[in-house]
Amino acid sequence: MTTLMRPPVGIVGAGPVGLVAALRLAGLGVPTVVLEADPELVKQGSKACLIQGDVLEVLDKVGCAETIADEGVTWTVARTYVRNREIRAAEYPRGPGFGPFVNISQHRIEQVLAAAAEAEPLCDVRWGHRVTGVSQDAGSVTARVSTALGEEDLVFSHLVACDGVRSGLRELMGVEWTGYTHRDRFLITDIRARLPLAKERHFHYDPVFNPGRQLVMHPQPDDVWRIDWQLPPDADIEAERADGRFDQRVRAVIGDVPYEVDWVSTYRFHQRVVDRLRVGRVLFAGDAAHALPPYGSRGMNSGIQDADNLAWKIALVRAGTAGEELLETYHGERYAAAEENLRVTEATIRFMVPPNRIRRWTRAVLLTLSRSLGLARKHVNSGRMAEPFTYTGSPLVETGHPLLGAFAPDCRVVVEGVPTRLRTLLGGGFVGLVFASTGQGAAAVAEAAWARPWDVPARLVAVLPPGAPVDGLSPEITVATAVDDAVDAYGTGWWLVRPDGHLAARDRSGESFPSALRAAAGIVGSELVDRVAEPS
């Protein structure tokens, strides 16, 4: 059989989304070339300043989560204030893995990811490479790249556009950038100061230090605090910095505490999504695909989930296991996730910045009532925090159970005498989790699953209760002993987990496992289409 060498996957943009895409593809055996227009990694304030715990699980698959979690500020309480009085403290449980939210600058995350990519043989990161043109045919994508040495054409099997909110790839590909940019301006200031505040999220409506508007405070590592003001229309921050009013603005919030300014910038937020996340062999991810307000910290977090979704699909297509049509499910699943994020943030925007007089009056009454009336407090919208999207309605996900399509719940397990977590056993490919009371019960499910050949590679993990006998289990099956009640969410039987950690199928009989595996990989029909075997 003839073996054909394939070109690598091209990734445009060395931000967190592009670097995660490159590292996840490398973990699946796929070589990548990352093209970044800037000559080096550039610090641009804190930009994104929070990574959600479930998204850290994606970074854990590429060996970067522990460093970020250890350096960041983990918090579990979000406090909301109205006119300087606390009305609500939302508490988020801390599971067996990473904390629910970890505050750390996007720049630091990029540093950690870039170091990992530079050390990965399958990742080729090229700084100072700006993409100026794109063409594609049925088998490849060609990018025209401008460098300090001139222009060159690079050929890729696929091209992933992760070049941010001002994406040049969007214009080159002619995709529609739907939605709007908000008229109000916001001010980000990162200051270094030792403040007498709990290291938690602090959200203020109509505080004395920003009357009639909002202000959010997030702790960062090394005594840095992110302060985000909604600005009045006539605010001139450069003039404030020149004449001393900026210091007064900061002092009104923090009091008479020594501080240093680390970063200052203003911005207008977007509510936008491209009409197509896939255009042939070009795929859009992160801010190049969707731009969101900072409320709930959905931007970088959803972008990293984009990268995790597309990596395994590209890997299956390149391996010849699935056809190019599998990539259409990237658009379907992640466009639905973007729409959900836009719905959530639009509701928050309409509360924070009421669009008309009636809504402004209604909000003012509600904020006043919330200071003394408990029933009113739950209606004060300070931004619902990000969480992984559940892929209900996806052709790759079965129906019939509320967990199907969701990110797999975690639980504490012991494997070969070593305490760990269930999620650490996921991510390298498809995994069948077999929940049984004994090893023999799990073995029976496995034998039925193995009775027919599998068209897609997968591993089996038997999850058993403490003290359960393991007789009859094949050495090919990983045995995990569950040691907490969180495992009860799964019940008994098997669950199929995709490489991105989402649950695709479940059943009690192992006989249905091969067909479920095919469906989760987007393979249709009774036979695989004959393809030339190609290396990744």
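Remarks
- Residues Trp127, Trp225, sorted by accessible area with the largest first, give Trp127, Trp225 [1.4 Å probe; ligands and nucleic acids excluded].
- Where labels lie 7 Å past Cα in the beta-carbon direction, separation of Ile358 and Ala148 in nm: 6.1 nm
- Global size of the stretch 147-269: 19.7, 58 Å for Rg and Dmax (C-alpha atoms, Rg to one decimal, Dmax whole).
- Across q = 0.18, 0.25, 0.26 Å⁻¹, the stretch 327-378 modelled as identical point scatterers on its alpha-carbon atoms has Debye log10 I(q)/I(0) values of -0.68, -0.92, -0.95, in the order of the q list.
- Accessible surface of the chain [probe 1.4 Å, protein heavy atoms]: carbon and sulfur percent: 51 percent
- Radius of gyration over Kirkwood radius for the stretch 139-180, both on Cα atoms: the Rg/Rh ratio is 1.03.
- Sites listed here are GluC sites (Glu not before Pro) in the stretch 409-484 whose DSSP assignment is loop and whose Cβ has at most 15 other Cβ atoms within 10 Å: Glu416, Glu476.
- Proximal charge balance of Ser146 [Cβ under 14 Å; K/R count +1, D/E count -1]: -3
- When the Cα positions of Pro402, Ala442, Pro469 are compared along the charge dipole of the stretch 388-536, Pro402 comes out farthest toward the positive end, with charges on each C-beta of Lys, Arg, Asp and Glu.
- Net charge dipole size for the chain [Lys, Arg +1 and Asp, Glu -1 on Cβ; Debye, nearest 20]: 2160 debye
- For the stretch 399-492, the Rg and Dmax computed from alpha carbons only, in angstrom: 13.0, 36
- Helical contribution to [θ] at 222 nm, DSSP H n ≥ 4, -39,500 (n - 2.57), averaged over the chain, rounded to 500: -8500 deg cm²/dmol
- For the stretch 92-225: Kirkwood Rh in Å [reciprocal of mean 1/r, alpha carbons]: 19.8 Å
- Remark: the stretch 248-308 carries 33 Å² of accessible area per residue (probe radius 1.4 Å; ligands, DNA and RNA excluded).
- Column: log10 I(q)/I(0), Debye, Cα scatterers of the stretch 1-158, q = 0.08, 0.09, 0.18 Å⁻¹: -0.33, -0.40, -1.07
- The order of the peptides 172-178, 330-336 by mean Cβ neighbours within 10 Å, most packed first, is 330-336, 172-178.
- Normalised by residue number, the volume inside the convex hull of the Cα atoms of the stretch 212-343 is 148 Å³ per residue.
- All-pairs alpha carbon distance profile, the stretch 264-341, 10 Å steps from 0, percent: 18, 48, 23, 8, 2
- Averaging 1/r across all pairs of distinct Cα atoms in the stretch 17-90 and inverting the result yields a Kirkwood radius of 15.5 Å.
- Dipole of the chain [Lys/Arg +1, Asp/Glu -1 at C-beta], most positive-end residue of Val224, Cys162, Val82: Val82
- Reported to the nearest whole Å, the Cα centre-to-centre distance from the stretch 439-479 to the stretch 258-299 is 43.
- Size check on the stretch 338-475: the Cα extents along the three principal axes, sorted descending, read 70, 34, 25 Å.
- Charge tally in the Cβ shell below 13 Å around Glu333, where Lys, Arg are +1 and Asp, Glu are -1, Glu333 excluded: -2
- Rolling a 1.4 Å probe over the protein heavy atoms leaves Lys43 with an accessible area of roughly 90 Å².
- The alpha carbons of the chain stretch over 75, 62, 42 Å along the principal axes, in descending order.
- Proportion of all alpha-carbon pairs of the stretch 358-399 beyond 12 Å (%): 70 percent
- When Arg85, Arg79 are compared by accessible area at a 1.4 angstrom probe, the order from most to least is Arg85, Arg79.
- Rolling a 1.4 angstrom probe over the protein heavy atoms with all chains in place gives the stretch 112-207 an accessible area of 47 Å² per residue.
- Of Arg88, Arg459, Arg183, the residue with the largest accessible area leads and the full order is Arg183, Arg459, Arg88 (1.4 Å probe).
The values are calculated or read from the model by the stated rules, or taken from the named source; none is laboratory data. Note that the structure is predicted; figures quoted are calculated from it, not measured. Note that each Cβ is placed from the backbone with ideal geometry, even for glycine, and that neighbours are counted across all protein chains shown. Side chains included, ligands, DNA and RNA excluded: accessible areas come from the protein's heavy atoms. Shrake-Rupley method; radii C 1.70, N 1.55, O 1.52, S 1.80 Å.
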